[in-house]
Amino acid sequence: MSEPTSAELTTLGIAEAASLMRRGEITSAALTEAFLARIEAVDHKLASYITVTAERARIAARQADMELSQGLNRGPLHGIPIALKDIYETEGVPTTGHSHLRADYVPAIDAETVRRLKAAGAVILGKLATHEFANGAMTPDQPFPAARNPWNTDYQPGGSSSGSGAAVAAALCMGAMGSDTGGSIRNPAGFCGTAGIKPTYGLVSRCGIFPLSFSMDTAGPLAWTVEDNALMLEVLAGHDPNDQASAKTAKVDYGAATHRSIKDMRIALARTWYEGGLTADMAKGMDEAVRVLRDQGAVVEEVVFPDIWDYHICGRVVITVEAHAIHRQEVIETPEKFGYTTRRRFQLGAFITAEQYLSAVRFRRKLQVDTRAAMRGYDLVLAPNQWGPPEKFEEPQAIFHFLGKASLSMPFNVTGQPAMTVCCGFGSDGFPLAFQLAGRPFDEASVFAAGAAYERATPWRLRRPPL
């Protein structure tokens, strides 16, 4: 076999690259250099990276090669180049939150997730752009340029894990860490055409990740394929006593789950959430997704869930109040240091009363119970990931953009269920289309099984942005 070219190296899947490394056909050093070269060549168009830690990455890659050559195999991420949303604390490397308020902040220790990735032998390429503190939009009054959508750089990549979606789609890393409070992994995954999973609330530690909403924050990966997400989550999942919300769960082989048959799997289609609201391309994409899943042996049936606006409004109230509580002091004392959109979104929380917040918390519990009842007899929920294509970059950006349309991702933040974005084709405008698969709490395995079965049956993973 001839040695892969640099371009071929950067478009390998994690599982494929890991297998080639085990066989000695490629090295982590060569893989890392290929990504560093591509970042240098391409990222000026996208601004997906805030910080590139090239020398640290080279050292980690050489270490991985040495260990593998001596028979030490740390698992499927050993020697794999990945990157981190810049709200993940990294020892000795700035963690900015894409904000003037943290522009000079250099943590002394790694976030628990970063520690786990390093222990698994992953090579960290750097820190990725984010909406400010995972909440505001990317505006000109912030310290770093806005990340761009690799399918068309005049458009937004989705947020708040904007750099994560853009970098994975553009082959600037093999996987990336994001966070999801109201859709912030799934939005950029959908708009950039990658796969991305919001795990069950409590499955992955949030210790050392800048918080936005204590009761809704989740951390998880984005990668090019469902299988690559599964391999990353396998390393990340597990109890952390330092995270008060962390759950004690049995270890699951998520990688193996991606090869399971989905014959007779029962999937509830939440058509009432989106009927009549999607673009023609997105509606066609959903109908095709249903057909493909049925062709793989799954049973897909329409099921009525609570109204999409109920989840949306409930989630927005909870996030807005909890985000204000976290940032209240800085919003009062140094409001000018926030981007204008971030500041206004955080200030909004001051106008919601304790009674209104508690009503939302109680209503959230009802939505969780009603969703579980609607899912009775079903393994998964199927819904669109987005209403249509991403928005164009325009100034000034809408401050409260979430007041216009209900979020299709919010239901699973409110319920805490695992939910995964899967690319299901491309619209006539060239932008990716995507759906979500959501499972029962802590049943990421079924989500991965169905998502991977869909990917195997379709050609969409062969198409990359023409950068």
Note: among Leu382, Leu403, Leu367, just one is out of contact with any Lys or Arg (no Cβ under 8 Å at 6 or more places or on another chain) and within 18 Å of Arg266 (Cβ to Cβ), namely Leu382
Cβ pairs under 6 Å, 6+ apart or interchain, first in segment 313-324 and closer than 15 Å to Leu408 by Cβ, second in a helix (DSSP H, G or I), ordered by first then second residue, are Cys314/Ala360; Cys314/Phe363; Cys314/Arg364; Cys314/Val414; Gly315/Met410; Gly315/Asn413; Gly315/Val414
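One line per residue, one yes/no per condition, for (1) assigned to a loop (DSSP other than H, G, I, E, B); (2) of a type in the set (Ser, Thr, Tyr):
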{"residue": "Pro107", "(1), (2)": "yes, no"}
{"residue": "Asp110", "(1), (2)": "yes, no"}
{"residue": "Leu117", "(1), (2)": "no, no"}
{"residue": "Lys127", "(1), (2)": "no, no"}
{"residue": "Thr139", "(1), (2)": "yes, yes"}
{"residue": "Pro150", "(1), (2)": "yes, no"}
{"residue": "Leu172", "(1), (2)": "yes, no"}
Of Asp43, Asp104, Asp86, Asp65, the only residue that is in contact with a Pro (Cβ under 9 Å, 6 or more places away or on another chain) and in contact (Cβ under 8 Å) with a residue 12 or more places away in the chain is Asp86
Looking across segment 178-228 at residues that are out of contact with any Phe, Trp or Tyr (no Cβ under 9 Å at 6 or more places or on another chain) and of a type in the set (A, V, I, L, M, F, W, C), the single one that is most open to solvent (accessible area, probe 1.4 Å) is Phe214
Filtering helices (runs of 4 or more DSSP H) wholly in segment 1-81 for at least 2 residues that are among the aromatic types (Phe, Trp, Tyr), touching a Leu at 6+ places or on another chain (Cβ under 9 Å) and open to solvent by less than 70 Å² (accessible area, probe 1.4 Å) gives none
Asn413 meets each of (1) more than 16 Å from Tyr201 (Cβ to Cβ); (2) in contact with a helix residue (DSSP H, G or I) (Cβ under 7 Å, 6 or more places away or on another chain) with one exception, condition (1)
Note on segment 15-54: residues within 23 Å of the chain's Cα centre (by Cα), among the charged types (D, E, K, R) and under 22 Å from Asn73 (Cα atoms) are Glu16
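Taking the residues in segment 194-204 that are within 15 Å of the chain's Cα centre (by Cα) and assigned to a loop (DSSP other than H, G, I, E, B) as candidates, determine which candidate is nearest to Phe426 (Cα to Cα).
Filtering segment 194-204 for residues that are within 15 Å of the chain's Cα centre (by Cα) and assigned to a loop (DSSP other than H, G, I, E, B), the one nearest to Phe426 (Cα to Cα) comes out as Thr194.
The values are calculated or read from the model by the stated rules, or taken from the named source; none is laboratory data. Predicted model, so just to flag it, every value in this text is computed and none were measured. Using ideal geometry, Cβ is built from the backbone for each residue, glycine included, and neighbour counts are taken over all protein chains shown. Please note that ligands, DNA and RNA were not included when accessible areas were found on the heavy atoms of the full protein model with its side chains. Shrake-Rupley method; radii C 1.70, N 1.55, O 1.52, S 1.80 Å.
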